[in-house]
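What follows draws every value from the coordinates through simple rules; no lab data is involved. This structure is a prediction, so every number in the text was calculated from the model and none was measured. Using ideal geometry, Cβ is built from the backbone for each residue, glycine included, and neighbour counts are taken over all protein chains shown.
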């Protein structure tokens, strides 16, 4: 089968490897569609949470939908269309076939659109994280740092929760424009200290009630605590840049008295309910995710797909992977 191989940091290529074999409690899935997540870039480029290089075949891809072609689980049958939701350190969806344990597979309706329902994996992580927020954000000003696919899903979710005002920070024009269609009221096109000043201007000097850090860089980690109001809330959604200690502005966090939390564990939620809710929203048309998928690239050209995602050119947002 064809599979992506991360041969060293920052280098991914397609190679021919043996089809994996399933064990008891697992299913063998023929991958129909996949997409590149920002966390894939973090892992390949920095080595965060990677076992070793060269990496396992298909790793670290984890956003995918496919068809069960062999089942050694009582919960699934051959022919089932499924969303695969493995832990990122065990994920192998950038391949024609992947083996997944039955606890991390969600059965979908047979008629789902395969090219878009892949995004239920990432949307599901946002749905899961949002469960830790108040049921209503009425009257609150919310800020989303970054307008990649994760940031766009946060825009939609915050609007759904009733946020009074949503602000985004994003230097790329096409992503700022896309954010406006998912709920953003005001978009800031600068970064760093200039972005902090812009947020202060938009919030009468107070800062945002809720800040979503959806980039996962060391500078934006610290910046989040300069953007939030006194005793506000910060969600650190982006993955770390490194497994080494990452410096951040603890003094500013301390002075702002901000509450902050990170997000991990949606794959272990009983019944995979957040992923199920995400799939429902996409399939019902409650959210139109098609505009987020800016490019589709065949698995044979996985190196080009990663280059697009890394370089963020030519209107790149979410890079879909095809297997035809």
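If you average the sequence gap of Cα pairs under 8 Å that are 6 or more apart and divide by the length of the stretch 52-187, what percent do you get for the contact order?
Over the stretch 52-187, the number comes to 18 percent.
Roughly what angle does helix 149-160 make with the longest principal axis of the chain, taking Cα atoms, 0 to 90 degrees, to the nearest 10?
60 degrees
Going by a ≥ b ≥ c, the root eigenvalues of the Cα gyration tensor, does the stretch 241-306 fall in the rounded group (a/c under 1.5), the prolate group (a/b larger than b/c) or the oblate group?
Because a/c hits 1.5 or more and a/b fails to exceed b/c, the stretch 241-306 counts as oblate.
Using a 7 Å offset from Cα along Cα-Cβ at residue 51, what residues in the stretch 93-113 end up with backbone N under 19 Å from the label point?
What the label zone holds, given the 19 Å backbone N cut-off, is 93-105.
For the pair residue 7 and residue 197, what calculated FRET efficiency results from E = 1/(1 + (r/R0)^6), where r is the Cβ-Cβ distance and R0 = 56 Å, to the nearest 0.05?
Computed FRET efficiency for residue 197 and residue 7 comes out at 0.85.
Counting just the Cα atoms, what span does the chain cover along each of its three principal axes? Round to the nearest Å and put the largest first.
Projected onto its principal axes, the Cα set of the chain covers 58, 39, 34 Å.
Provide, as a two-decimal number, the C-alpha radius of gyration of the stretch 74-163 over 2.2 N^0.38 Å, N being how many residues it has.
Normalised Rg, Cα atoms only: 1.32.
When the Kirkwood radius is taken over all Cα pairs of the stretch 133-262, what Stokes-Einstein diffusion coefficient follows at 20 °C and 1.002 mPa s, in µm²/s?
In µm²/s, the coefficient is 150.
So which residue, out of 171, 20, 270, gets the largest mean-square fluctuation from a GNM of the chain using Cα contacts under 10 Å as springs?
Result for the chain, Cα springs under 10 Å: 270 fluctuates most.
Residue 324 to residue 257: extension gain in nm, 0.36 nm per residue of separation minus the Cα-Cα distance?
Value of the extension gain: 18.9 nm.
Between helix 192-202 and the chain, what is the angle of the helix's C-alpha long axis to the longest principal axis, kept within 0 to 90° and rounded to the nearest 10?
Helix 192-202 and the main axis of the chain meet at about 60 degrees.
Could you tell me how many degrees, from 0 to 90 and to the nearest 10, lie between the Cα long axis of helix 218-227 and the main elongation axis, the longest principal axis, of the Cα atoms of the chain?
Tilt relative to the chain: about 40 degrees.
Taking the number of other C-beta atoms within 10 Å as the exposure measure, put 196, 313, 211 in order starting with the fewest.
Lowest count first: 313, 196, 211.
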